[in-house]
Amino acid sequence: MSSWKPSAPLATLRLRAALLARVRAFFAARGVLEVETPIVAHATVTDVHLASLETRIAGRTAPFYLQTSPEYAMKRLLAAGSGDVYQVSKVFRDGESGRRHNPEFTMIEWYRLGFDHRALMDEVAALLHE
């Protein structure tokens, strides 16, 4: 019988909260807008290497999908003129479960206008250093 208690120790939850606060401060200092895009969508991803989790919504006949990444919705924001954006979101992938993989996990995704691959690599390094 499994325990009702959370599996994460309180110290780990505090560490995670502090880490997310630093990520948000990092992007805020650079003027990158935090956004939140839908987790549930009418369509799945086009990447053949990612398997989406399907769900149903009461009263609807068509299936819905839990997002594997916020990429598509964030790129729609970019196309609409949002400017630089980032998101910390829950994402879901079917078929990626194991000792080091969970079907649900947190992803940080961001887009920077005018950044080439070198500028983006520098920003990744700066974020990791933070």
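The values are calculated or read from the model by the stated rules, or taken from the named source; none is laboratory data. Just so you know, these numbers come straight off a predicted model, no measurement behind them. Backbone-built Cβ (ideal geometry, glycine too); neighbour counts: all protein chains shown. The accessibility values were calculated without ligands, DNA or RNA, using every heavy atom of the protein model including side chains. Shrake-Rupley method; radii C 1.70, N 1.55, O 1.52, S 1.80 Å.
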Check your understanding: What's the carbon and sulfur percent of the range 20-102's accessible surface, probe 1.4 angstrom, rounded to a whole number?
Key -> 52
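Taking the Cβ of PRO63 as the centre, find all other residues whose Cβ is under 12 Å away and add up their charges (Lys, Arg: +1; Asp, Glu: -1). Provide the component values of the computation, followed by the final result.
On the way: positive: ARG56, ARG60; negative: GLU54.
Summing Lys and Arg as +1 and Asp and Glu as -1 gives +1.
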Point to revise | Built amide H within the under 5 Å cut-off of ALA51, gap 5+ | key: ASP94
Point to revise | Intensity falloff of the chain expressed as log10 I(q)/I(0), Debye formula with alpha-carbon point scatterers, at q = 0.12, 0.15, 0.21 Å⁻¹ | key: -0.61, -0.92, -1.34
Review point. Which one of THR61, ALA51, LEU128 is farthest out on the positive end of the charge dipole of the range 44-130, using unit charges on Cβ (Lys, Arg +1; Asp, Glu -1) and the Cα centre as origin?
Key: THR61
Point to revise | Shape of the range 1-50, Cα gyration tensor, a/c cut at 1.5 | key: oblate
Check your understanding: Tell me, what is the per residue accessible area of the chain in Å², probe radius 1.4 Å?
Key -> 73
Practice item. With a cut-off of at most 13 other beta carbons within 10 Å, and DSSP calling the residue loop, which GluC sites (Glu not before Pro) in the range 1-57 qualify? Please list them. Key: GLU36
Review point. Using a 1.4 angstrom probe and counting only protein chains, how large is the accessible area of ARG112 in Å², to 10?
Key: 40
